[in-house]
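Structure, as structure tokens:
The values are calculated or read from the model by the stated rules, or taken from the named source; none is laboratory data. Just so you know, these numbers come straight off a predicted model, no measurement behind them. Cβ sites come from the backbone with ideal geometry, for glycine too, and all protein chains shown count toward neighbours.
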Amino acid sequence: MYNFKEIESKWQKYWDEHKSFKAVDNSDKKKFYALVEFPYPSGVGMHLGHIKAYSGLEVVARKRRMEGYNVLFPIGYDAFGLPTENSAIKQNIHPRVLTDRNINVFAGQLKKVGFSFDWDRVIDTTDPSYYKWTQWIFLKMFEHGLVFRDKTLVNYCPSCRVVLSNEDSQGGKCDICHSEIVQKEKDVWYLRITAYAEKLLEGLKEVDYLPNIKVQQENWIGKSEGAFVDFKIKEIDDNLRIYTTRPDTLYGVTFMVMAPEHPLIDKNKDKISNMDEINKYRELASHKSEFERTQLVKDKTGVKINGLTAINPVNNEEIPIYISDYVMMGYGTGAIMAVPAHDDRDYDFAKKFNIPIIEVIKGGDISKEAYTGDGEMVNSGVLTGLKNKKESISKMIEYLTKEGIGEKAIQYKMQDWAFNRQRYWGEPIPIIHCPHCGDVPVPYEELPLKLPDVENFEVGQDGESPLAKIESFVNCKCPKCGRDAKRETDTMPQWAGSSWYFLRYIDPHNDKEFASFDKLKYWMNVDWYNGGMEHVTRHVIYSRFWYHFLYDLGLVPTSEPYQKRTAQGLILGPDGEKMSKSKGNVVDPNDIVDKYGADTLRTYILFMGEYGLEAPWNESSIKGVARFIDRVYNLKDKVIDKEGYSSELEGLIHKTIKKVSEDIESMKYNTAIATLMTLVNKYSEKDNLTKDEYLVLLKLLNPFAPHVTEELNEICKLGKPICESTWPEYNIDKTKEENVTIAVSVNGKVRATIDVNVNDSEEDMKKKALSEENVIKNIDSKEIVKIIVVKGKIINIVVK
RNA sequence: GCUUGCGUGGCGGAAUUGGUAGACGCACAGCACUCAAAAUGCUGCGGUUUUGCGACCAUGAGGGUUCGAUUCCCUCCGCAAGCACCA
């Protein structure tokens, strides 16, 4: 095996010294901005997932440079957050010290793998010169009414003692420690991301994301169109407003349901005769675990509110009102009209509580189950006889609007972003609480509002932020009135710094703005962004939101940040399971680099399988790639002092250039490498190779295995370093073979193959096909109905 | 339950504007080199059957469209990811 250790460190040094991958501002060249998700510098160092995520775009970035682009391929560290803080507490060192230490480990590892990042643009979200601008954008949002405070039920992790956003508690589990989330009433800072729901949805139309990424974001935003309808309540002078997507079924309403926390209940408790029962149910509902709430879907629970009766606005029928936990306070108005005949959940509820079921759409059997399909409207006043759902809905909305009892409405599942965390290691929220002026923003010129240096950064037992204990930090003067005031002591969530980092790469040392508009204009959009599927409904949504906001302020030049977004599949352990410490199936990339070299590791990771799918690690398969690179290395002895391509290799070489070039663009790295293997197999059969034949192989392989290809290029004196050279070109005419072997089939079954020339006439080919012995045998005495000729592919003889 | 994928040899995986299924790699077997092993090189490698040519079967299951289906359509089964009582 060749000496990869020496070769790899030699070329890494060369690239470093020559700043080979420096992105140039204000260049005349076409730009290409390739972005990978910057790592969270955890204590355990990089894992194989990082290498796979970065290798994908690394190959594209290296190819683009050779194609003449000015490439920005940056890296940095997303370093604020709970894991570092928890680990710092455990090891009893300061998170700052730990973060610096971890960043060093990561930088060393990234360089050892030979990624072509621009190391002059490294950013660290925990650096005050960086988070100054995170705070600045936050204040801009505050200024524009996108930041608000509310005391509501929120997702709370009792183990981390911290409030979490919806995005951070998907599946009812804490994103950090995976323990069960509980609902707790808390005072929370929100970012009004819902104000951008429509823009985030619309923006998806103009970008090139993988289809599943788009779909997942659309589902997360969860737009639905329907109507608000106001139901009068008989006993009081008030309306119960509900949201429905099916106003066409209004005549089928037989009861109403409110969420247990609905404010109307407490407001009218003196009118309600069974408050005790209701309070008991509310108490019970609030203690239900996530498991119970999702598993017992069929078994509906609830309590009828005695003393309040709703009036159906379309027919003045009196309708009972219930509370039940299958209605959520956080969506719509927290109350629904129930149409058991045409909604599964309402049906289950009605059956359990013996409530009448009135059919208003024909087509099902409502004695057995709810009918949710289309059909003719019955028992429905003005709608009766209509057959088209859309028409019925719009006619009803028209009616509601005219009568002043309802209106068209749009709702989103996405909720506002709970933005404060009761922890130390995050950006301080730059707000001052003044007893006279309320919440006052820290003046822009006082940014960055630095994290105070503290001894003890553990969370208080009651869940208050560690910063609350630092009196010198907490006590301050109100910037507005100058009187005594107190600082907000919560910090921003982990996702804050990453919501705009791709903009900072463009102008990382600017101390006047987060980035200059001129530079943004040259570099934006990000042409290609690759990362994990797990960030699709978190980071990618959040950062699009921040970017849309900045666009509305005129501070960034385009409406969407990422032109293209792709995702890599997981690398599983050798046992086919997700890698995890507890399973003991974790493969450390360092060990692989030491054993086989970075070139082999990078190439193998991209050879494993389809890039977007998960694939298990296989220690013996990597040997195949090591062997391949070794064979490429040994070919150097066959190179003779001659130029051009030999005639027997020319076609194959042009085809290989075409295939590898196209496969890289569509992330089909595995077949690109397989094609190169085929070329190497052919080269191995030959006694000698021309310089050009060898060079084209080295260039095509270079994005995957940059070190060894540079070395071989130098050893064989083939020209300037490959990273400063150009990408090979192919001639389309030379990729087309003159003579091809095509199949001859009889009734679709292949019976023979014949060699034909592209210039042969159809008649000649038919004649040739019909003279094949095995073809004749299979036609036998049957009648030839027709003969289908597909040029260059197949001849099919149809017999009867 | 809903959404989105996926299902091909012993294994990872190729092949889709429908056109020779199994590229490339791993594992395995045989041969060469070697005192021997490793490394390397060469050959073979879906199943059944045949001395051989070949024949038949085979891309989760069953149907359909077609001269021809891994590819398109319908039904079903299984696996994975995400969402989850969203009215």
request  = Taking A:S116 as the residue in question, decide whether it is assigned to a loop (DSSP other than H, G, I, E, B), polar (S, T, N, Q) and touching a residue at least 12 places away in the same chain (Cβ under 8 Å).
outcome  = yes
task = Being surrounded by 15 or more Cβ atoms within 10 Å (Cβ to Cβ) and away from RNA strand B (no atom under 11 Å from the Cβ) is the filter here, so list the residues in segment A:758-778 that pass it.
result = A:D760, A:M765, A:K766, A:K768, A:A769, A:L770
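Among the candidates A:L606, A:L601, A:L679, which residue alone is under 12 Å from A:Y694 (Cα atoms), out of contact with any Gly (no Cβ under 6 Å at 6 or more places or on another chain) and part of a helix (DSSP H, G or I)?
Values: A:L606 fails: under 12 Å from A:Y694 (Cα atoms); A:L601 fails: under 12 Å from A:Y694 (Cα atoms).
Every option except A:L679 fails the conditions.
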task = Output the residues belonging to segment A:384-414 that are within 16 Å of RNA strand B (Cβ to nearest atom), modelled with pLDDT of 90 or more and not β-branched (V, I, T).
result = A:S392, A:S394, A:M396, A:L400, A:G406, A:E407, A:K408, A:A409, A:Q411, A:Y412, A:K413, A:M414
Extreme residue, nearest to A:L386 (Cα to Cα), among residues of segment A:233-271 that are within 13 Å of RNA strand B (Cβ to nearest atom), of a type in the set (A, V, I, L, M) and in a loop (DSSP other than H, G, I, E, B) = A:V253
note = Considering residues that are more than 18 Å from the chain's Cα centre (by Cα), acidic (D, E) and away from RNA strand B (no atom under 14 Å from the Cβ), the number found within segment A:179-232 is 4
query = For segment A:17-29, what are the residues that are in contact with a helix residue (DSSP H, G or I) (Cβ under 9 Å, 6 or more places away or on another chain) and either of a type outside the set (G, A, S) or modelled with pLDDT of 95 or more (or both)?
reply = A:H18, A:K19, A:S20, A:F21, A:K22, A:A23, A:D25, A:N26
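Kindly indicate which of A:P479, A:P448 is in contact (Cβ under 8 Å) with a residue 12 or more places away in the chain, farther than 25 Å from A:A79 by Cβ and part of a loop (DSSP other than H, G, I, E, B). Can you show your working first?
Values: A:P448 fails: farther than 25 Å from A:A79 by Cβ.
Answer to the check: A:P479.
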key: Complete set of residues in segment A:430-454 that are of a type in the set (V, I, T) and either over 35 Å from the mean Cα position of the chain (by Cα) or under 13 Å from A:F148 (Cα atoms) (or both)   = A:I431, A:V440, A:V454
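Working only within segment A:202-229, note down all residues that are in a strand (DSSP E or B), buried (at least 17 other Cβ atoms within 10 Å of the Cβ) and touching a Lys or Arg at 6+ places or on another chain (Cβ under 6 Å).
Our first condition is that a residue be in a strand (DSSP E or B); within segment A:202-229, this holds for A:208-209, A:223-229.
Filter again for buried (at least 17 other Cβ atoms within 10 Å of the Cβ), leaving A:209, A:226-229.
A:Y209, A:A227, A:F228, listed by residue number.
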request  = Take the residues in segment A:317-356 that are assigned to a helix (DSSP H, G or I) and farther than 22 Å from A:E277 by Cα, then tell me which one is nearest to RNA strand B (Cβ to nearest atom).
outcome  = A:R345
task = Find the residue count for segment A:603-627, including only residues that are near RNA strand B (Cβ under 6 Å from one of its atoms) and under 17 Å from A:L697 (Cβ atoms).
result = 1
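Quick one: which residue in A:E17, A:E6, A:E58 is charged (D, E, K, R), under 15 Å from A:D527 (Cα atoms), in a helix (DSSP H, G or I) and away from RNA strand B (no atom under 16 Å from the Cβ)? Steps first, please.
Numbers: A:E17 fails: under 15 Å from A:D527 (Cα atoms); A:E6 fails: under 15 Å from A:D527 (Cα atoms).
Checking each option against the conditions leaves just A:E58.
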Residue, modelled with the highest pLDDT, within segment A:165-178, restricted to residues that are small (G, A, S) and under 17 Å from the mean Cα position of the chain (by Cα) = A:S165
